[in-house]
Structure formats: C-alpha cells, structure tokens
1. Filter segment 125-144 for residues that are open to solvent by 50 Å² or more (accessible area, probe 1.4 Å) and assigned to a helix (DSSP H, G or I) and give the result.
2. Name the one entry in Thr21, Thr34 that is farther than 25 Å from Gln139 by Cα, surrounded by fewer than 18 Cβ atoms within 10 Å (Cβ to Cβ) and not small (Gly, Ala, Ser).
3. Condition first: within 13 Å of the chain's Cα centre (by Cα) and among the hydrophobic types (A, V, I, L, M, F, W, C). Can you find one or more residues in segment 82-91 that meet it?
4. So which residues in segment 103-124 are among the acidic types (Asp, Glu), more than 10 Å from the chain's Cα centre (by Cα) and not in a loop (DSSP other than H, G, I, E, B)?
5. Is there any pair linking a residue in segment 1-26 that is on the phi > 0 side of the Ramachandran plot to one that is part of a loop (DSSP other than H, G, I, E, B), with Cβ under 6 Å and at least six apart or on different chains, and which?
6. Kindly list the number of the only condition in (1) of a type in the set (Gly, Ala, Ser); (2) within 18 Å of the chain's Cα centre (by Cα); (3) at negative phi that fails for Ser148.
7. Got a number for residues in segment 37-48 being of a type in the set (Asp, Glu) and open to solvent by less than 20 Å² (accessible area, probe 1.4 Å)?
8. I need the full set of residues from segment 103-124 which are without any contact (Cβ under 8 Å) to a residue 40 or more places away in the chain and open to solvent by less than 20 Å² (accessible area, probe 1.4 Å), in order please.
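The values are calculated or read from the model by the stated rules, or taken from the named source; none is laboratory data. Keep in mind it's a predicted model, so treat the numbers as computed, not measured. Positions of Cβ are backbone-derived with ideal geometry, glycine not excepted, and every protein chain shown enters the neighbour counts. Please note that ligands, DNA and RNA were not included when accessible areas were found on the heavy atoms of the full protein model with its side chains. Shrake-Rupley method; radii C 1.70, N 1.55, O 1.52, S 1.80 Å.
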Amino acid sequence: MTTKQQALAYFEQIGLPAFFTRLYRGDYDKDDITILVGCPGEYFLMNDAEQAAYSDGVLMPVIADHDFARMVFHHPQQQRFIELYTEDGEPRKSYANCRQLFFEIVCRAHESFEDEPDVVLAICQQLQLTAVETRDWLQFLNDDISTSYEAFETAKAAYQANIGHGLSR
C-alpha cells in the first residue's frame, strides 16, 4: 500500500517541484488552487487491492481534483504523468513532464476563473511558473481564436505537446 509519506519521498527522489509537497502537507488554505487540485487523500485510505485497481501496482499517485473524480499518477518506467477518471479507472490523458501537467491546471484555472484574472495569475505563481511561462501560457489562453471547442482542444494539445523536456521543464 502506498502512503502519503512514500509519495512525498518519491516526489523528492524524482525532483518534482515543491508545489506537490506543499499540497500533500496541506500548506494551502482552502483557496482557489485547492478547488482544482489537491492531495489524493481518499487514495491513501484505500486498501492494497483498491489502490492496485488504479495504480496497476506501478503508478505513484500525484494529485486529484477536489471531488476525487480525476487523479494523476506518475509512471516510474515511462516517466510520464497519467490522468484517469476514478469512476472507471481508464487513462484519459498523458503528460510528458510536470510543466505539461501544470499547463493543464492553468487551463482549468483559466476556464474556472475566467472573470478573475488575478486568481489565475496567483495560481501560476503557486505553481512557480517562470514569468515567461506565465506570460506565454496566458497569452495562448487569452488570444485563442478557435471557432469551436474541438478546434481549441486541438490547438491546446499541439501547444501543450511542445512544453518542457524531462521533469523540470
């Protein structure tokens, strides 16, 4: 069974940003970032068989959304982040590095707080994005001229695929 402490040690081992450690330790008050992501506390309450149903005995839990409908795991061998919906346990998205995952969080923040740009900017700061990342990502989201949801998702996927290399960038 994977514990919260094991996950924290794993984050340190692979060099994930301090953001993840702060989430797990509960350093964030109930604020805007915790509406979008948090420590997957329910996962750590599961027994071995229940955890194995999601993790295949290999994946390390990283984050979950506020209602535990979505979880993100890290695959140690593939060095990828894998998002799945907890209802069916099927993988939905894959991220090559934590910056791509952060971009997804920023996209969700932009959608959730579209009338509150200061909140989105504060989330970017909490994710410890560089000034260039923050500027470029928000410019992409604010300047989107897609004619449909599908066109936006296609443009977003192409943009996201070019973000970062390895775990750190």
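1. Residues satisfying the conditions are Gln125, Ala131, Val132, Arg135, Asp136, Gln139, Asn142, Asp143.
2. Thr21
3. Checking segment 82-91: at least one residue is within 13 Å of the chain's Cα centre (by Cα) and among the hydrophobic types (A, V, I, L, M, F, W, C).
4. Listed by number, the residues that qualify are Glu111, Asp118.
5. Every condition considered, the pairs that remain are Gly15/Leu167.
6. Just one mismatch for Ser148, condition (2).
7. Of the residues in segment 37-48, 0 are of a type in the set (Asp, Glu) and open to solvent by less than 20 Å² (accessible area, probe 1.4 Å).
8. Within segment 103-124, Val106, Val120, Cys124 meet the criteria.
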